[in-house]
Every structure is written in C-alpha cells, then in structure tokens.
Amino acid sequence: MPLTNGFNHVATLTTDMDLTVRFYEQAFGAVVTFEVPKGEDHPWMKILDVGGGAALNVFEVPADEIIGERRRQGGRGAIDHYALTVDSYAMLETLQDSLAAAGAQEVGDIQRLGDEWSLFFRDPDGMELEVCCRADG
C-alpha cells in the first residue's frame with residue numbers, strides 16, 4: 001500500500017497569470033485560495049483549488065524562463081503533462097464543450113486508455129493537459 005495519499009499540488013509556469021487563472025476558473029470552477037505577490041526573490045504566484053484536496057500552483061515568469069517546448073512530447077521538461085480527474089464520462093463530455101469556450105486549444109476526442117477515459121487539450125499557454133475518469137468496466 002502506498003505511504004502517500006496522492007498529489008497535493010502541481011506547479012506550473014505561465015507568462016500571463018490573469019489568462020491562466022481565468023481559464024481554470026471558467027473551465028473547471030477552480031478557486032484562488034492564496035496569492036504571493038511578485039518579490040525580488042519570488043515570482044507572482046496564485047494557488048488554485050481544483051477539487052479533491054488538490055491544488056494548482058501557478059507562477060508567472062518571463063517566456064525565456066520557461067524551459068522546454070510545450071508542444072513536443074519528450075521536450076517539455078521534467079514534467080510532460082498532468083491530468084485532472086472527474087467522476088464520470090458524462091462530465092468529460094461536458095468539459096469537452098466547455099474547455100474550448102474557456103480558451104483551451106486543440107480539445108481532443110475522449111479516448112479509452114487502459115481503465116480510464118481520457119480527454120487531452122492544450123491550455124491557453126499551449127501546454128498539453130488531460131482530464132480523465134475511471135472507466136466502468
């Protein structure tokens with residue numbers, strides 16, 4: 001049995017805090033729970049509650065400080081992508097429509113990957129992300 005209880009948060013970088021936060025608020029109902037203003041030794045950061053006890057920590061940085069190619073798998077840096085989870089296939093179908101309305105790029109088709117249904121998309125910064133749910137058998 002694992003010693004941990006799952007993920008606490010994922011940290012991501014953006015060049016446009018307002019655009020990124022607005023996207024997660026509109027697409028997923030995320031809520032900003034904490035903010036650290038930009039300082040000499042720390043970039044502007046907002047913590048978004050994305051449900052289930054998990055958070056997304058968003059840091060605004062200049063484009064030249066983002067390492068990797070967000071559009072090329074294997075070239076995106078140490079973390080290639082992350083996935084949010086929902087409770088049903090029906091919610092994936094709902095999100096498929098609402099992601100584009102919230103500013104997502106390249107919203108894909110829902111696909112079966114092992115024992116999960118997955119929906120891939122790109123956020124407004126072009127980063128590939130995923131939403132998934134358990135498949136029912």
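The values are calculated or read from the model by the stated rules, or taken from the named source; none is laboratory data. Please read all numbers here as calculations on a predicted model, not as lab measurements. Quick reminder, even Gly has a Cβ in these numbers, built from the backbone with ideal geometry, and neighbours come from all protein chains shown.
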Tally the residues that are modelled with pLDDT of 80 or more and charged (D, E, K, R), restricting the search to the stretch 66-96.
2
Test for Gly51: is it out of contact with any Leu (no Cβ under 6 Å at 6 or more places or on another chain) and over 28 Å from Cys133 (Cα atoms)
no
Just give me the residues in the stretch 88-128 being touching a residue at least 40 places away in the same chain (Cβ under 8 Å), surrounded by 17 or more Cβ atoms within 10 Å (Cβ to Cβ) and either over 30 Å from Ala63 (Cβ atoms) or among the aliphatic types (A, V, I, L, M) (or both), in sequence order.
Leu92, Leu95, Leu99, Ala102, Ala104, Met127
With respect to Arg22, determine if the residue is within 15 Å of Pro124 (Cα to Cα), at pLDDT below 90 and charged (D, E, K, R).
no
One residue from Glu128, Glu106, Glu35 being within 21 Å of Asn8 (Cβ to Cβ), touching a strand residue (DSSP E or B) at 6+ places or on another chain (Cβ under 6 Å) and not hydrophobic (A, V, I, L, M, F, W, C)
Glu35
Restricting the search to the stretch 1-46, which residues are of a type outside the set (A, V, I, L, M, F, W, C), in a strand (DSSP E or B), surrounded by fewer than 17 Cβ atoms within 10 Å (Cβ to Cβ) and in contact with a Leu (Cβ under 9 Å, 6 or more places away or on another chain)?
His9, Thr33
Please go through the stretch 47-68 and pick out each residue that is assigned to a loop (DSSP other than H, G, I, E, B) and either over 21 Å from Phe7 (Cα atoms) or among the hydroxyl-bearing types (Ser, Thr, Tyr) (or both).
Val61, Pro62, Ile66, Ile67, Gly68
